[in-house]
Amino acid sequence: MINNLEGVTISRMKPKILLVGWGFPPNIDGGLDIHVYHLFEQLQKEDVDVSLALPESRAPIREDLIPVETGDGDMIDKSKKMSQKVAKLAEDFDIIHTHDWFGAESGYKSKKYSDTLWVSTLHSLASDRTRNPDKRLEKLEEVATTQPDLLISVSKKLRNSIKKKYGVESEVVYNGFSKPKSCGIDVRERHNIDGDIVFYVGRHAEQKGIEHLLYGFKKALEENDDLNLILGGKGHMSEPLKEFTDILGISDKVVFTDFIPREELGDYYKAADVFVSPSLNEPFGLTITEALESGTPVVATENGVEEISSNLITSIDPESSSVKEGILEALDKDALEGREFRSWSEMTEETLELYRKTYDSTLRSCKSP
């Protein structure tokens with residue numbers, strides 16, 4: 001607790017940090033879970049005392065993880081139930097670090113009742129993920145952006161969106177680049193593909209712009225009928241997308257794989273000649289980093305990764321002609337080999353430095369008359 005640490009700064013002590021997450025390998029839902037996993041693993045290598053609280057149903061049995069009972073209900077109900085236990089846990093920590101809207105109540109209650117420093121990282125806004133976000137969720141998101149002692153965004157793009165919507169500033173700390181695992185699967189043999197492969201993996205949701213990819217792919221086929229499209233992942237749009245593929249008359253050229261196990265993802269990226277990220281709004285884009293780490297040329301709409309690796313990405317907008325041209329242009333590019341990319345340890349060091357600055361500043365304000 002800050003008020004009990006007069007005269008001591010975080011740079012001269014071993015701080016206790018409580019991370020609050022939602023998923024952990026093998027229970028991973030998306031980029032946020034991957035970020036929290038890497039932050040936790042990297043902080044364990046630093047001179048800090050770190051613990052990670054997770055919903056009990058999603059927490060593997062490990063001594064360094066804290067399972068928290070969440071009860072029944074939707075994700076909002078579970079996050080509220082979880083916050084009660086987390087706020088109690090936070091009494092024994094100097095910093096609580098939450099992520100996105102589901103950490104809002106945990107962070108707010110911890111800050112209010114135990115004087116714990118609250119750090120909140122935003123990975124996306126609700127409006128980035130769906131066209132009609134839940135109003136309850138947006139209220140929590142507002143708390144997660146306007147009430148913490150330190151707000152972090154994963155890109156300048158997201159920082160600008162937060163500023164526009166909630167009127168608050170945030171510090172930018174980019175994610176590290178993820179190198180996907182491989183287990184030696186022959187993707188071409190598995191799916192009986194001989195020609196070039198265009199690859200997408202991610203949620204099948206409106207904001208991912210997959211229908212634009214399908215239409216652009218159809219246009220690219222008109223100039224190169226040797227192309228094949230693999231769509232990895234699943235979601236509520238999977239069936240409508242399959243129907244759209246039939247309507248376009250390209251179902252024989254499109255493979256829907258459903259969920260791809262993480263240990264196989266590297267095999268898919270390596271087999272692909274082009275990776276496409278057609279999202280209508282992509283605050284960062286961890287799948288883009290996975291493709292780049294795999295040496296696969298990337299075609300993508302505006303995203304956070306291009307803020308640090310713009311020269312490696314073929315930029316497009318969601319219009320079909322742009323998608324088509326991006327695919328055909330990327331096919332002429334060589335594989336990206338021997339590149340050094342941003343690491344998760346770099347991300348963690350920058351996060352630690354922000355912890356220190358914010359914590360020391362809070363201590364000084366606490367001691368001011």
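The values are calculated or read from the model by the stated rules, or taken from the named source; none is laboratory data. Quick caveat, the model's predicted, so the values are computed rather than measured. Positions of Cβ are backbone-derived with ideal geometry, glycine not excepted, and every protein chain shown enters the neighbour counts.
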Run down Leu312, Leu336, Leu292, Leu354 and say which single residue is aliphatic (A, V, I, L, M) and either in contact with a Lys or Arg (Cβ under 6 Å, 6 or more places away or on another chain) or assigned by TED's automatic domain parsing to the domain that holds Leu151 (or both). Leu354
Selected residue [among the aliphatic types (A, V, I, L, M) and either on the phi > 0 side of the Ramachandran plot or out of contact with any strand residue (DSSP E or B) (no Cβ under 8 Å at 6 or more places or on another chain) (or both)] from Leu227, Leu265, Leu280: Leu280
Do we have any residue at all in the range 219-226 that's part of a strand (DSSP E or B) and either aliphatic (A, V, I, L, M) or free of Cβ contacts under 8 Å to residues at least 12 places away in the same chain (or both)? no
Is it true that Glu239 is in contact with a helix residue (DSSP H, G or I) (Cβ under 8 Å, 6 or more places away or on another chain) and either without any contact (Cβ under 8 Å) to a residue 24 or more places away in the chain or among the acidic types (Asp, Glu) (or both)? no
So for the range 162-170 (the condition being crowded, with 20+ Cβ neighbours inside 10 Å, under 22 Å from Met75 (Cβ atoms) and in contact with a Ser or Thr (Cβ under 8 Å, 6 or more places away or on another chain)), does at least one residue qualify? yes
Residues that are farther than 25 Å from Ser124 by Cβ and of a type outside the set (Gly, Ala, Ser): does the range 271-282 have at least one? yes
Looking at the range 28-37, can you tell me whether even one residue there is closer than 29 Å to Leu158 by Cα, in the same structural domain as Ser127 (by TED's automatic domain parsing) and small (Gly, Ala, Ser)? yes
Just give me the residues in the range 260-276 being among the small types (Gly, Ala, Ser) and closer than 10 Å to Thr296 by Cα, in sequence order. Ala271, Ala272
Out of curiosity, is Lys164 within 21 Å of Leu32 (Cβ to Cβ) and not small (Gly, Ala, Ser)? no
Quick one: which helices (runs of 4 or more DSSP H) lie wholly within the range 65-173 and hold at least 2 residues that are more than 26 Å from Glu302 (Cα to Cα) and without any contact (Cβ under 8 Å) to a residue 12 or more places away in the chain? 75-89, 135-146
Can you tell me which residue within the range 141-178, out of those that are under 19 Å from Ser106 (Cβ atoms) and of a type in the set (Asp, Glu), is farthest from the chain's Cα centre (by Cα)? Asp149
What pairs come up if the first residue lies in the range 303-328 and is touching a residue at least 40 places away in the same chain (Cβ under 8 Å), the second is of a type in the set (D, E, K, R), and their beta carbons are under 6 Å apart, counting only those six or more places apart or on different chains? Asn303/Glu282; Gly304/Lys157; Glu307/Lys156; Ser320/Lys219; Lys324/Lys219
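Please find, among Ser57, Ser79, Ser120, the residue that is in the same structural domain as Gly23 (by TED's automatic domain parsing), over 19 Å from Leu151 (Cα atoms), small (Gly, Ala, Ser) and crowded, with 19+ Cβ neighbours inside 10 Å.
Ser79
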Restrict the check to the range 6-15 and report whether at least one residue is in contact with a helix residue (DSSP H, G or I) (Cβ under 9 Å, 6 or more places away or on another chain), closer than 24 Å to Glu105 by Cβ and at pLDDT 90 or above. no
